[in-house]
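What follows is calculated from the coordinates using simple rules that are stated; it is not laboratory data. A quick note: this is a predicted structure, and the numbers were derived from the prediction, not measured. Counting neighbours? That spans all protein chains shown, and the Cβs are built from the backbone with ideal geometry, glycine included.
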């Protein structure tokens with residue numbers, strides 16, 4: 001099993017990760033996770049853990065992970081938007097064919113405000129893009 005282990009482990013969290021070096025170099029050959037850094041994906045900050053000084057190899061591995069993680073998060077964000085479009089279509093069908101008056105009363109105002117807000121932003125952004133193209 002140890003031959004298959006990566007050199008680094010990234011414990012993801014909301015805005016980045018805690019970075020560990022994976023080690024089995026002990027008597028019992030148990031897996032140890034040695035904390036080496038904390039990463040903030042939003043601002044690109046890499047902070048060494050405690051007194052640890054990050055090597056070039058560690059920095060390179062962390063930077064590679066950050067690039068890959070940003071790509072994964074970008075793909076997920078777009079996928080979430082397409083799922084939202086599908087979900088809106090399901091909500092439309094539900095409201096049209098299945099919802100009771102009480103259910104509609106419970107959700108209509110919140111849905112209308114959210115859709116109005118979304119529409120306003122989309123129309124403004126579309127206008128901005130068209131103005132840039134025309135310039």
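Within segment 72-121, which residues are part of a helix (DSSP H, G or I) and touching a helix residue (DSSP H, G or I) at 6+ places or on another chain (Cβ under 9 Å)?
Within segment 72-121, 88, 91, 94, 95, 103, 104, 107, 108, 111, 115 meet the criteria.
How many of the residues making up segment 45-68 are in a helix (DSSP H, G or I), surrounded by fewer than 17 Cβ atoms within 10 Å (Cβ to Cβ) and more than 22 Å from the chain's Cα centre (by Cα)?
Total meeting the criteria: 2.
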